[in-house]
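Written out below as C-alpha cells is the structure these notes cover.
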Amino acid sequence: MTHIELTINGKVVQADVTPRTHLADFLREQMLLTGTHIGCEHGICGACTVEINGEIARSCITYAVTCDGAVVRTIEGFDEDPLMARMRQAFTEEHALQCGYCTPGMLVAARDLVRRKSGLSRADIRTEMSGNLCRCTGYVGIVNAIERVMTEQTSPPSAGDTTGWLGPAPGPAGGVAVKSAAVETGKEARPAVASPGRQAASPAPIRPGAKPIAVAVGAIEERDGATSITQSFVLEHPRAEVWRLMSDPEAIARCMPGMSLDGPAHGDKLAGHLEVKVGPIAASFAGEGNLQRFASEYRQIIEGRGGDRKSGSRVTGKVDYSLKPATAPDGSEATRVDVVMSYVLTGPLAQIGRSGIVRDLARRIGEAFAQNIDALLRDPDSRLPAAQLQGISLLFSVLIDRVRALIARLFGRA
Ligand code: FES
Ligand code: FES
C-alpha cells in the first residue's frame, strides 16, 4: 500500500492505496463519491471524467498513487459552480440526458469545453465532445445544451485564464491554477504538484536576444523491446563552445527540465533524479548511469537506469548525442546537435511510454533543453527558468507528450 495525500473537492484527504488502484475506484469506493461513473474502464467512454489540477482527465486510467499531492474535482465538487449550474439547467431543458449514466462525465467535459472555446459550430461541438459517449440520447440534446451555454457566455473564454477553478489545461501556467484552487479551499497544494516546474513540458521561455529553436523529431521506432527516437536542432554557436557545455554532465542536467544530479560525477559514474509530470501523472525517477565521451567525434553517450518508488515504474535508457558543424542563416559558425534516445519503460508508467504523445513530448522537451543550452552559451551566468529545472510536465500535458519523459528519463537516469 502507498500512502497518498490529495485534495478532493476542496478537502485534503489521506489514504492508503495499492499501486494498481485507479482513481475512479478510489473516488467511488474509498471516498464514496459515486457521482464519478465507470463505463468502459479503458479511457474510451468518458463516464469517469474528473478534473485533476484544473484539467479534465479519465479517472479510470489514472492511478490513484499518481495523484499524490494533486487537486481533484469530481462532479460533486461543482455544486457551487455557476457555470456548471447553467450547464445542468441547459441539460435539463434540452433533454440532454435519459438514463443519466454518461451525464456526470458529460457535464464535466462540457463545462470544460465552454470554458475554453466559444462560437463553435454544432459539428465542432460534436467533435470536441467525441470523447464522451452516450448510449441514450443521440447527442442532439447534449449539443443543444452546450451550444446554448456557449452562446450565453458574456465574455469569451480564454485557455490562458486559469483563475480559480475555472479553465482546463492550464499549460505553462498550470501551477497558477493549482495555487488558486488551494487558495479557494483554504489549503496549500503540495509543492510537488503545485510547482510550476512540473509544467516544464512547455517550451522554455524565449530570452531577449535569443531565437526560438526548432527541434526536428524523427520517427519513433521499436527495436529489441526498446523505443528509440531521434531529434536534431541547430545552435548558432561554434561547435567547440557547444561541446564545452554539452560534454559537461552538470550543465546537461541543469538544462534538462526536471533533471538534477545528486553530486559531481565520479569518473564516468553519475547519479541523479528526474522529476516528471505528465498531465495528472507525477513521478520521481532516481537512477544512476555512466558516461562515455568521444571527444574527437564531439559525441557523448549517457546510459542509465532508475525507478520511481511510488509507481513502481522502472526505466533503462541511453542518450547518444553528437555535434556536427553547421552554418547559421547569417553565415556564421553553428552546430547541429543530433540526439538518439532509446529506452525501455516498465511498470504503470509504461502506458505513457507507448503513447502517441511521446513524439510531441520529445519535441517539447527538446525545445526546452535546446533553449536552455542556448541561454547558457549566450550567458554562462544565465539563470534558467526554475520551471525548467524542477520538472517536466510530460511534458510531458501529457506525456507525455511523453518523449519528454523519455528524454528526461534518459538524461535523468544519468
Ligand atoms: S470509464 Fe473511464 S473512459 Fe470509460
Ligand atoms: S443518458 Fe444514458 S448514456 Fe447518456
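Some points to look at:
- Look at 321, 343 and count the other Cβ atoms within 10 Å of each Cβ; fewest to most, that gives 321, 343.
- Computed magnitude of the charge dipole of segment 216-327 (debye, nearest 20; Cβ of K, R +1, Cβ of D, E -1): 120 debye
- As a rough footprinting exposure proxy, the listed residues 310, 324 were ranked by other beta carbons within 10 Å of their own, and the order from fewest upward is 324, 310.
- In order along segment 127-135, the Karplus-derived 3J(HN,Hα) couplings, from 6.51 cos²θ - 1.76 cosθ + 1.60 at θ = phi - 60°, round to 5, 5, 9, 5, x, 10, 9, 10, 8 Hz, and Gly and Pro are given as x.
- Between residue 266 and residue 136, the modelled labels are 6.5 nm apart [label points 7 Å from Cα along Cα→Cβ].
- Computed lengthening from residue 93 to residue 151, 0.36 nm per intervening residue step minus Cα-Cα distance: 19.4 nm
- Under 16 Å from residue 117, Cα to Cα: aspartates and glutamates that are on another chain or at least 8 residues apart: 55, 128, 147, 152, 161
- Efficiency of FRET from Cβ geometry, residue 42 and residue 346, R₀ 25 Å, rounded to 0.05: 0.75
- Net lengthening on full extension, residue 244/residue 222 (0.36 nm per residue, minus Cα-Cα): 4.7 nm
- Estimated vicinal HN-Hα couplings, Hz - segment 107-114 in sequence order (Karplus 6.51, -1.76, 1.60; Gly, Pro = x): 5, 4, 5, 5, 4, 4, 5, 5
- In order along segment 316-324, the phi-based Karplus estimate (6.51 cos²θ - 1.76 cosθ + 1.60, θ = phi - 60°) of 3J(HN,Hα) comes to 10, x, 9, 10, 10, 10, 9, 10, 10 Hz; Gly and Pro are listed as x.
- Exposure proxy ranking, count of Cβ atoms within 10 Å, fewest first, for 142, 56, 61: 61, 56, 142
Every read-out reported here was derived from the displayed coordinates using simple, explicitly stated rules and does not represent laboratory data. What you see is a predicted model; the values in this text were computed from it and never measured. Positions of Cβ are generated from backbone atoms using ideal geometry, with glycine treated the same way; all protein chains shown enter the neighbour counts.
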